[in-house]
Every structure is written in C-alpha cells, then in structure tokens.
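I have placed the structure first, in the form of structure tokens, so that the comments after it can refer back to it.
The values are calculated or read from the model by the stated rules, or taken from the named source; none is laboratory data. Not measured: the values here are computed from a predicted model. So basically every Cβ, Gly included, is an ideal-geometry build from the backbone, and we count neighbours across all protein chains shown. Remember, those area values only see protein heavy atoms, side chains included, never the ligands or the DNA or RNA. Shrake-Rupley method; radii C 1.70, N 1.55, O 1.52, S 1.80 Å.
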Amino acid sequence: MTTAAAVPDLASFVDGEWRRGGRQASDTNPAHPSEVVAQYALADAETATQAVAAASAAFAAWRATPAPARGEILRKAAALLDERAADIGRDLTREEGKTLPEGIRETQLSANILRYFASQTLDPDGDMYPSSKANVLLYTRREPLGVVSVITPWNFPICIAAWKIAPALAFGNTVVWKPAELVPLTAANFLKTLVDAGLPQGVLNLVLGKGSEVGDVMTTHPDVVGISFTGSNAVGRALQAKAAAKGKRVQLELGGKNPAIVLADADLDLAAEQVARGAFLAAGQKCTATSRVIVERSVLGGLVDRLTAHANGWKLGDPLAPDTIVGPVVSEQQLGTVLGYLDRAKSDGARVVAGGGRADGDLADGYFVKPTVLSGVKSSDTVFREEIFGPVAAVIAVDSFDEAIAMANDTRYGLSASIFTRDLGRALRFADRIRSGIVKVNSETAGVEYHVPFGGTKESSSGSREQGKAAREFFTEWKTVYINIP
Ligand code: NAD
C-alpha cells in the first residue's frame with residue numbers, strides 16, 4: 001500500500017505552469033479501491049479557457065519552428081519515456097488496472113510512436129505541380145491547423161494520447177489535452193516527458209477536468225480549430241454535433257463490437273488462444289477487443305472447450321503480481337456495467353460456460369470480473385449487440401461461411417474483425433466482404449501497429465484515420481501556391 005506522503009498531488013498544466021487549487025479529486029487503484037494513487041485538482045471551464053489562450057499564443061512560434069526541430073523534441077521525449085518506462089508503466093497499472101507488462105509495453109510503444117512521428121517531420125510536406133501557364137511555379141504545402149483539442153479515454157491512457165499528440169505537435173499544431181478523469185497520473189507523467197524534452201511553454205496544455213465541465217470550452221471555443229476524440233459513441237457524437245455547428249474539424253474514434261469468425265477448417269488451438277487474448281486481456285477493455293465469436297457448428301464444442309480452458313486457467317488477480325494475466329476492470333461504474341450485461345445475458349437465455357460474475361475471496365474488494373464465456377447466445381441478444389468493455393466472449397454457432405460473414409456485418413460498429421481458417425480463398429473473401437476498418441486473419445481482433453492507418457467504418461469512427469501516414473490528413477490543411485515569375 002502507498003503511504004499518504006507518497007501520493008502525488010497533480011494539477012492541470014497551462015502555459016508552462018501547474019495550476020493547483022480548486023476542487024480536489026482522488027485517483028484510486030481498481031485492484032484495491034481504498035488505495036489512493038494520486039490526488040488532483042479538478043480544472044474548471046476558466047482553466048480550460050486559459051489553456052486554449054496559451055495554446056493560441058504559442059501557435060505562431062511553434063508553427064515557425066522548423067519541422068525537424070519539432071521532431072527532435074519528440075525524439076528526446078521518446079528517450080525519456082524509455083528511461084522512465086518501468087515507473088510510468090507501474091503508475092499506469094496502479095491507476096488503470098492492466099497488468100504491469102502491459103503497462104510498461106504501452107509506455108514503450110508510446111516512445112516508438114513519438115519517434116515515428118518525429119521521423120515524419122523529415123518527410124515532404126507538399127507537392128510540386130506543372131502549371132498550365134508559362135512561368136508559373138505551382139506547389140502545395142500541408143500546414144498546421146492551429147489549436148487542436150485532444151480528448152482521450154482511460155483504456156490506453158498513454159498510447160492513444162501519444163498517437164494524437166505526437167502528430168499534432170510534429171505537424172506544427174498546439175494542443176489542449178483532456179485525458180479521462182480516471183488516469184490523471186499517467187497523463188501527468190506523459191506530459192512531463194514532453195516538457196522535460198524541451199517543449200516550449202504553451203505548446204501542450206493539460207486540462208484535468210470533467211468532460212461535463214471543460215468539454216464545451218474544448219470543443220466550441222472560437223480559437224479551437226480541430227478536435228481529435230477517442231471514447232464512447234454517446235459522448236463523441238454529441239461533441240461532434242456541437243463542434244460541427246461551429247465549423248470545427250472533428251475526428252472521432254468510438255466503440256466496437258468486434259467479431260472473430262472460426263471456420264471448421266481452423267487451427268482450433270490457435271483460434272481459441274487468440275480469441276481468449278482478444279476477449280480477456282486488459283479485462284476486455286479495448287475498443288478492438290473480441291466480443292462476438294461466430295463459430296461453424298461442427299467445431300463449436302471444440303472451440304468452446306478450449307476457450308473455456310483459457311478463461312478458467314488464466315490468472316485473474318492484482319495486475320502488479322508477476323503471474324497475473326487478467327486484471328480488474330477500471331472502476332466501480334465499469335464493474336456495474338459489465339455485471340449488468342452478464343445479468344441481461346443470463347435472463348436472455350445465454351449459458352455461462354466460464355466465469356459469469358464478479359470474483360470473490362481475496363479479490364472481492366477490487367473490481368474483478370471473471371473471464372466469461374457465454375454460449376447459446378442469439379444474435380438479437382443485447383450481449384451480442386452492445387459494446388460491453390469487459391472480459392466477456394459471446395459465442396454463437398452458424399452453418400456456413402456466408403452466414404458467418406452476414407452475422408459479423410450485422411452490427412452498427414465496424415472497427416476490427418478477424419477470421420480463423422486455413423483456406424486462403426475464404427480468408428481473402430472475408431477481407432473483401434467484412435465491413436470494418438481493421439481485418440485480421442488467424443489472429444486476435446486487438447493489437448495494431450502505429451505506422452499504418454487505424455480506425456473504423458460505420459459508427460466506430462468519423463471516417464478519418466489516425467496513425468501512419470494518414471495522421472497528417474487530420475492535423476494539417478492544404479495550401480496551394482501559384483507564383484507567377486515575371
Ligand atoms: P468516454 O466517452 O466516457 O470518455 C472519453 C473522454 O471524453 C474522456 O476524457 C471524458 O472525460 C471525455 N468527455 C466526457 N464527456 C465529455 C464532454 N461532454 N465533452 C468533452 N469531453 C467529454 O469514454 P471512456 O469510457 O473513457 O472510454 C471507453 C470508450 O472509448 C469505449 O466506448 C471504447 O470503445 C472507446 N474507445 C475507442 C477507441 C478507438 O480507437 N475506436 C479506443 C479506445 C477506446
């Protein structure tokens with residue numbers, strides 16, 4: 001247990017200064033809810049307004065800073081993140097609940113993301129065109145937007161922040177960042193690496209506040225040009241409507257209800273292990289988590305048996321313990337949501353094959369949900385239609401490849417989807433016909449690389465992509481220059 005003296009006292013960071021004071025809030029450990037990981041001062045709308053003003057004032061100089069020099073600061077921050085990865089990863093685990101190796105890997109991944117976008121500051125930022133007129137030099141450049149609001153969720157508290165903030169800064173924007181209220185310590189740790197790497201005052205401002213209190217300033221302030229948001233559909237769509245009415249550019253990454261199809265010819269050991277990873281790791285709290293398992297009937301029993309063995313065998317426990325594979329869900333509210341879905345599934349007639357509820361015994365105090373396998377699910381069941389964000393795999397049997405694809409596509413979401421088969425033709429037909437932004441063959445729906453576009457179709461996304469070369473599209477705008485040479 002942490003002693004009171006060791007509890008960090010956090011605050012928003014505006015115009016190069018920590019803004020302490022005001023209402024205090026506690027950041028607690030989901031594995032041991034009585035343990036306070038940090039205290040923090042809740043920002044109000046005035047603090048958010050000051051953050052926008054600071055970002056606005058810093059924009060001209062940051063935009064004029066040569067792109068490679070901006071990249072150099074990101075590279076230094078990456079080195080600091082690597083140096084601090086063990087501590088930052090541990091803080092992440094203590095406030096969010098993913099296991100320690102996952103927390104450290106996420107921190108290291110974020111360092112790689114910073115380096116990747118640093119390297120993009122050396123890429124061409126425009127094109128030269130032949131003009132149809134004599135003596136005209138015709139070229140285009142991608143220029144920064146200005147002040148960008150970045151709003152992030154708690155489930156990947158450092159890496160989603162990195163994959164938005166790194167391209168925003170690399171391409172010359174200044175940023176006001178609001179992380180989720182559940183992860184202020186990881187947010188402060190990430191901000192410090194960028195500040196310690198030499199980021200000038202006002203270029204990145206951190207607002208530790210509630211969405212209901214600071215959200216409107218961040219999305220509708222006249223000086224905010226763009227908003228990059230990752231989180232729930234309800235919040236994202238409401239924010240998009242308000243921001244669009246003010247003419248802002250909005251990028252949304254939202255929920256998922258990701259299917260894994262297991263065909264009769266699949267390697268069942270591989271399929272079960274990958275489905276279990278997608279469904280249970282990080283307690284199922286990934287937008288790309290596997291949630292619907294669609295299995296050809298002839299291998300239903302074999303797949304369910306194997307999946308159940310993983311659900312029962314993978315150690316649920318304190319995420320700091322070395323043998324833990326699955327940690328708690330993030331909060332009491334999230335626990336209530338997941339347990340509510342399990343109750344609903346049972347009343348809809350699903351059969352609980354593994355897990356099915358909250359852990360007891362030594363884990364009774366924490367927000368632990370047992371890895372759960374549900375079979376006998378119907379495609380109309382709530383548990384098969386709505387995002388759960390917990391360690392739950394809902395299994396359904398189908399009679400053909402075509403039925404599997406139709407069922408996989410029968411959702412309002414379209415983030416990630418996978419298929420398990422040895423048939424190359426069917427794998428390729430799946431990749432063609434599935435309506436999702438990410439497609440996996442013979443691997444879990446979760447797990448992505450940062451140098452390729454990331455995002456979903458349908459209601460999972462606003463359409464614009466993050467990461468890879470695609471990130472530049474959101475964070476810059478074109479300028480077309482005609483120079484008539486006398
Ligand atoms: P959430 O929508 O509750 O919160 C996301 C962020 O929005 C938080 O910082 C929150 O404080 C802020 N917010 C809340 N109300 C706001 C308002 N009125 N104005 C402005 N900001 C406001 O989501 P969450 O619970 O933190 O995260 C879980 C959700 O995120 C899941 O639905 C998950 O699928 C989704 N997610 C999507 C992706 C993706 O890339 N598609 C990745 C991770 C998580």
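Segment Asp9..Ala79, full-extension length gain: 22.7 nm, with 0.36 nm per residue of separation and the alpha-carbon distance subtracted. Full extension of the segment from Ala241 to Ser347, taken as 0.36 nm per residue of separation minus the current Cα-Cα distance, would add 34.6 nm.
Net charge in the neighbourhood of Phe454 (other residues with Cβ under 14 Å of its Cβ; Lys, Arg +1, Asp, Glu -1) is +2. Distance between the 7 Å Cα→Cβ label points at Lys479 and Glu213: 3.9 nm.
Would you work out which of Leu268, Pro486, Ala393 lies farthest towards the positive end of the dipole of the chain? Charges go on Cβ: Lys and Arg +1, Asp and Glu -1. Of Leu268, Pro486, Ala393, it is Pro486.
Of the whole protein surface, Lys98 contributes about 10 Å² of accessible area at a 1.4 Å probe radius.
Sorting Tyr341, Tyr129, Tyr413 by solvent-accessible area of protein heavy atoms yields Tyr129, Tyr341, Tyr413, largest first, with a 1.4 Å probe. FRET efficiency for the Leu270 to Leu424 pair, using the beta carbon distance and R₀ = 22 Å, is estimated at 0.90. Here the relative contact order of the stretch 414-484, from alpha carbon pairs under 8 Å that lie six or more residues apart, stands at 28 percent.
Which value, in debye to the nearest 20, gives the size of the charge dipole of the chain about its Cα centre, when Lys and Arg are +1 and Asp and Glu are -1 at the Cβ?
Working: 51 positive and 55 negative charges, 260 e Å.
Dipole magnitude for the chain comes out near 1240 debye.
Only beta bridges with both residues in the chain are counted; by DSSP, about 40 percent of them are antiparallel. With contributions of -39500 (n - 2.57) from each DSSP H run of at least four residues, the per-residue ellipticity at 222 nm computed over the chain stands at -12500 deg cm²/dmol.
By DSSP, the beta bridges lying fully in the stretch 332-486 are antiparallel in about 40 percent of cases.
Rolling a 1.4 Å probe across the protein heavy atoms gives the chain an accessible surface of 38 Å² per residue. Full extension of the segment from Arg297 to Thr337, taken as 0.36 nm per residue of separation minus the current Cα-Cα distance, would add 11.3 nm. Positive end of the dipole of the chain, charges at C-beta (+1 Lys, Arg; -1 Asp, Glu), about the Cα centre: which of Gln251, Leu100, Ala364 has its Cα farthest in that direction? So the residue we want is Gln251. Accessible surface comparison of Leu206, Leu363, probe 1.4 Å, protein chains only, largest first: the order is Leu363, Leu206.
Charging the Cβ of each Asp and Glu at -1 and of each Lys and Arg at +1, and nothing else, the dipole of the stretch 3-44 about its Cα centre rounds to 80 debye. When the charge dipole of the chain is built from unit charges on Cβ atoms (+1 for Lys and Arg, -1 for Asp and Glu) and taken about the Cα centre, the candidate among Gly126, Gly355, Val175 whose Cα reaches farthest toward its positive end is Gly126.
Taking the Cβ of Ala276 as the center, what net charge do the other residues with Cβ under 9 Å away carry, scoring Lys and Arg +1 and Asp and Glu -1?
Charge balance near Ala276 sits at 0.
Taking 0.890 mPa s as the viscosity and 25 °C as the temperature, the Stokes-Einstein diffusion coefficient of the chain based on its alpha-carbon Kirkwood radius rounds to 105 µm²/s.
Taken along the Cα-to-beta-carbon direction at a fixed 7 Å, the label points for Asp125 and Ala234 span 4.1 nm. What does the charge count around Asp381 come to, taking other residues whose C-beta lies under 11 Å from its C-beta (Lys +1, Arg +1, Asp -1, Glu -1)? Result for the neighbourhood of Asp381: +3.
Only the Cβ atoms of Lys and Arg (+1) and of Asp and Glu (-1) were treated as charged; on that basis the dipole of the stretch 60-184 about its Cα centre amounts to roughly 320 debye. Oblate is the label for the stretch 1-103, because the ratio a/c of its alpha-carbon gyration tensor axes (a ≥ b ≥ c) is 1.5 or higher and a/b is not greater than b/c. Among beta bridges from DSSP that stay inside the stretch 349-440, the antiparallel ones total about 40%. Take each peptide in 50-58, 425-433, 342-350, count the other Cβ atoms within 10 Å of every residue, and average; sorted highest first, the result is 50-58, 342-350, 425-433.
What part of the accessible area of the stretch 244-339, given as a whole %, is carbon or sulfur when the probe is 1.4 angstrom?
Solvent-exposed carbon and sulfur of the stretch 244-339 make up 49 percent of the total.
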